[in-house]
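Have a look at the structure below, then the notes.
The values are calculated or read from the model by the stated rules, or taken from the named source; none is laboratory data. Being a predicted model, the structure only gives us computed values, none of them experimental. Reconstructed Cβ throughout: ideal geometry from the backbone, glycine too, with neighbour counts over all protein chains shown.
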């Protein structure tokens, strides 16, 4: 009997021990750890956590506890947290399985995470973390998912990541990591991406890494090896070459160039022999620079060429007439070429130009159709030029053509205006376009290939058969503009915001030319941005083709002639949103106070039979447009914040519909 009493007494003492995981003291420690994190990471007080509610911390937003009241899941995503992730805060949650802080504005280094011994999933992506990866992550042996992408992390990738034998998801892309890639060989690894860093050296050929394509390593110019299809001169087995060099000589960044590599050409059906295409390519490129060869003989030939071009112009104006892409582009350049030749005093100057161009082609320095990384070679330059073409329009940056190739593939070709690219070198153009060619998002029209020879520069995009948002809203000159249905406006606004947010946050780039005509409609009528990220190549030349475009420019560009920024894109988005809601061209938008703007939008929609003029969601959308159009760039929200506003409006509508159906 005494022994039984003693046993119960021991059990009672143990139940009061601080080592008991279910004790209130330990559970409050979890709450205290979270509050300590909030004090430094939530400077704008977005988290509704309070010291007065620590006893009910398991009911806090984003938290999940086990039956003992220990925090096992903490998800604080998309909350605009501004601050730092201080050490010895969340790292005390020793039972934590899932930690997600993605899509916030956290800065500073990632702290030592050694205390998170039970962690299985860690999402710290889309913040502004700096510094190196803490070595302690390599000791989290239960870790299965690790996402540190879209930060500003630097230094090497820890080689001890190879010890994380349960890892199945690893994303480190869009940072500043350098050094080599560890020989990861976990059979469990299914998702892997280290693109857009500064990694160098050969990619280890392990069974696991060999399962991933070059896109997982894209935009690391220093990488080489079999997996990324870039030769390392000291690695003979990959390419069958012998080398005595002890240090690697790296090839250029991975890209597919037609007409240069026999190895690459052997991977696709041969369209025609290189010998038979040389003269055609030469003629095409000379046509791009103004038909110089045709004009060598005499000034009289120039006059004949001008007369011929006039006849072709008349043919273009004929209904249902199509010409080849090369014919249209040759015509567009003919006047400039003729004027240039007329200014030449001696024929030998012209001959010298032709000679230099021929030498450039022979050396392979120009005249190649370059497919962006990860793209398949579907056609050659000759096939593109032979396709039937239709002029779609002229913009401030380019003239746009629809080209139908022999294999019935339809593409969109933009011929960039040479006057907007004066001073942009061949190398600078290549670097920028290859970066832009890596952008892939459902709300961006993908750039597939590009071409440049002398002053001629072409961009090849997917063709969008459903036209532009401008055409959808404003129609033809014979039809009256009418604002779209409210639900369509909301969907398009979200699509455009998604695309812009991706460009800004994930890639740190700028659209620079946002307007209705640069928003195209995809196969499912999703809104897709076009002409993005080209403004940094152009010089500030007034847009005389479409004066309405000036209404999309914020004050800092119109008055101060500054380069476009992410905040200028936000301003343009606000203008686009009002044009979307009212159907009124941007140039007709009045400058009103916020309340007056709401009343103006209501009246525009009511005038056109819209029954939603008093909808609270519509009013909220106008408020979003208003804050985007603030004069000071510093007072405008980021595009990511704008996207979250729109998504909240969308969710509010869903909630209202659900409540109405109950």
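Quick check on residue 418: is it surrounded by 14 or more Cβ atoms within 10 Å (Cβ to Cβ), touching a helix residue (DSSP H, G or I) at 6+ places or on another chain (Cβ under 9 Å) and more than 16 Å from residue 534 (Cβ to Cβ)? Considered against the rule, which asks whether it is surrounded by 14 or more Cβ atoms within 10 Å (Cβ to Cβ), touching a helix residue (DSSP H, G or I) at 6+ places or on another chain (Cβ under 9 Å) and more than 16 Å from residue 534 (Cβ to Cβ), residue 418 comes out as no. Once region 207-231 is narrowed to residues that are within 22 Å of the chain's Cα centre (by Cα) and closer than 14 Å to residue 184 by Cα, the residue that is surrounded by the fewest Cβ atoms within 10 Å (Cβ to Cβ) is 212.
Could you check region 196-222 and list, in sequence order, the residues that are over 21 Å from residue 376 (Cα atoms) and either not in a loop (DSSP other than H, G, I, E, B) or not assigned by TED's automatic domain parsing to the domain that holds residue 167 (or both)?
Narrowing region 196-222 to residues over 21 Å from residue 376 (Cα atoms): 197-209, 222.
Passing the criteria: 198, 199, 200, 201, 202, 209, 222.
Scanning region 69-81 for residues that are closer than 21 Å to residue 142 by Cα and assigned to a loop (DSSP other than H, G, I, E, B) yields a single hit, 70. Every listed requirement among (1) under 24 Å from residue 196 (Cβ atoms); (2) in contact with a helix residue (DSSP H, G or I) (Cβ under 9 Å, 6 or more places away or on another chain); (3) in a helix (DSSP H, G or I) is met by residue 487 save one, (1).
Under 30 Å from residue 493 (Cβ atoms), assigned by TED's automatic domain parsing to the domain that holds residue 516 and modelled with pLDDT under 90: is that true of residue 476 in this structure?
Judged against the criteria, residue 476 is a match.
Note on region 160-192: residues that are at pLDDT 90 or above and part of a helix (DSSP H, G or I) total 1.
For region 428-445, the tally of residues that are closer than 29 Å to residue 485 by Cα and crowded, with 16+ Cβ neighbours inside 10 Å stands at 4.
Determine whether residue 598 is in a helix (DSSP H, G or I), surrounded by 16 or more Cβ atoms within 10 Å (Cβ to Cβ), in the same structural domain as residue 551 (by TED's automatic domain parsing) and at pLDDT 90 or above.
Values: in a helix (DSSP H, G or I): yes; surrounded by 16 or more Cβ atoms within 10 Å (Cβ to Cβ): yes; in the same structural domain as residue 551 (by TED's automatic domain parsing): yes; at pLDDT 90 or above: no.
Considered against the rule, which asks whether it is in a helix (DSSP H, G or I), surrounded by 16 or more Cβ atoms within 10 Å (Cβ to Cβ), in the same structural domain as residue 551 (by TED's automatic domain parsing) and at pLDDT 90 or above, residue 598 comes out as no.
Filter region 506-519 for residues that are within 18 Å of residue 575 (Cβ to Cβ) and under 17 Å from the mean Cα position of the chain (by Cα) and give the result.
In the first step, residues of region 506-519 are kept if they are within 18 Å of residue 575 (Cβ to Cβ); the result is 510-519.
Result: 510, 511, 512, 513, 514, 518, 519.
Taking region 555-590 as the range and being assigned to a loop (DSSP other than H, G, I, E, B) and under 29 Å from residue 487 (Cβ atoms) as the test, the residues that pass are 583, 584, 585, 589, 590.
Evaluation of residue 75 against the conditions (1) under 22 Å from residue 42 (Cβ atoms); (2) at pLDDT below 90 shows that the sole unmet condition is (2).
Which is part of a loop (DSSP other than H, G, I, E, B) and either modelled with pLDDT of 90 or more or assigned by TED's automatic domain parsing to the domain that holds residue 191 (or both), of 113, 106, 122, 99? Let's see the steps before the verdict.
Working: 106 fails: part of a loop (DSSP other than H, G, I, E, B); 122 fails: part of a loop (DSSP other than H, G, I, E, B); 99 fails: part of a loop (DSSP other than H, G, I, E, B).
When all the criteria are applied, what remains is 113.
Within region 193-206, the set of residues being surrounded by fewer than 16 Cβ atoms within 10 Å (Cβ to Cβ) and at pLDDT below 90 comprises just one member, 205.
Conditions tested, residue by residue: (1) surrounded by fewer than 16 Cβ atoms within 10 Å (Cβ to Cβ); (2) in a strand (DSSP E or B); (3) touching a residue at least 24 places away in the same chain (Cβ under 8 Å); (4) not assigned by TED's automatic domain parsing to the domain that holds residue 455.
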position: 375; (1), (2), (3), (4): no, no, yes, no
position: 379; (1), (2), (3), (4): no, no, yes, no
position: 383; (1), (2), (3), (4): no, no, yes, no
position: 396; (1), (2), (3), (4): no, no, yes, no
position: 407; (1), (2), (3), (4): yes, no, yes, no
position: 413; (1), (2), (3), (4): no, yes, yes, no
position: 422; (1), (2), (3), (4): yes, no, yes, no
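When region 49-83 is filtered for residues that are within 23 Å of residue 117 (Cβ to Cβ) and within 28 Å of the chain's Cα centre (by Cα), the ones remaining, listed by number, are 75, 76.
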